[in-house]
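Since the structure comes first, as structure tokens, the remarks are kept for the end.
Derivation of every value follows stated rules applied to the coordinates shown; laboratory data play no part. None of the values given here were measured: they were computed from a predicted structure. Glycine also receives a Cβ, built like all others from the backbone with ideal geometry; neighbour counts cover every protein chain displayed.
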Amino acid sequence: AVLPSATEVYNYKTGEWDSYDTPIDTSFMAFGGWQAAVPASSKKQEAAWDFISTLSSPEVSGQAAVTGGTGVNPYRISHTTDMERWSKLFSEREAQEYLGAQRDAVTADNVALDMRLPGYFSYTEILEIELSRALAGDITPQEALDTVAAGWNDLTEQFGRDSQLAAYRASMGLPQK
């Protein structure tokens, strides 16, 4: 999804804030994804690569993208242009809106990446629980934020604050301090 635009963007290479006359759009690229590899020591390298090629082909991956439970979201341009596949799941308007948002995210010039830290799912679990409680009206938004902050600080201490900082900096391509 496209995040709110900004006229100032932090430039990690210079360590400064860059200013722009027009707002810069950024899409959110959630962490995760599927990767495949064939070990150099494999005795069946060609067969393994053929299997990977078949799974990631437009036809097979396109079918996986519309099949619940596969964990596959649209990630190819062809996944977002084949409206017939999606017509069984959505109305034409819903399909166009959903696929348009997916296509915009995949082709965006600028992206914001999700946290890439050890314990990622533990961090997001705390956030999801407190967000649900706030949306249900059980707690105020401020109480939810305070609980998330405390939980995240506890997790960060458990994993080691310096280790988490090093992992984050490495994931962003930043030099270690």
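A few comments on the model shown:
- Between the Cα long axis of helix 45-55 and the first principal axis of the chain there is an angle of about 80°, rounded to the nearest 10.
- The Rg/Rh ratio for region 45-98 is 1.06, where Rg is the radius of gyration of the alpha carbons and Rh is the Kirkwood radius.
- Shape of region 100-177, Cα gyration tensor, a/c cut at 1.5: oblate
- Sequence-distant residues sharing a close amide H with Ile24 (under 5 Å, placed H): Ala6, Thr7
- Kirkwood-type radius of region 50-144, with distances r between different C-alpha atoms, in Å: 16.2
- Using just its DSSP H runs of length 4 or more, each adding -39500 (n - 2.57), the chain gives a mean residue ellipticity at 222 nm of -15500 deg cm²/dmol after division by all residues.
- For the chain, the Kirkwood estimate of the hydrodynamic radius, built from every pair of different alpha carbons, is 20.0 Å.
- Distance in nm between pseudo-label sites at Glu157 and Asp21 (7 Å out along the Cβ direction from Cα): 5.1
- Rounded to whole numbers, the Karplus 3J(HN,Hα) couplings from phi for region 7-14 are 9, 10, 9, 6, 9, 5, 6, 9 Hz, using 6.51 cos²θ - 1.76 cosθ + 1.60 with θ = phi - 60°, and x at Gly and Pro.
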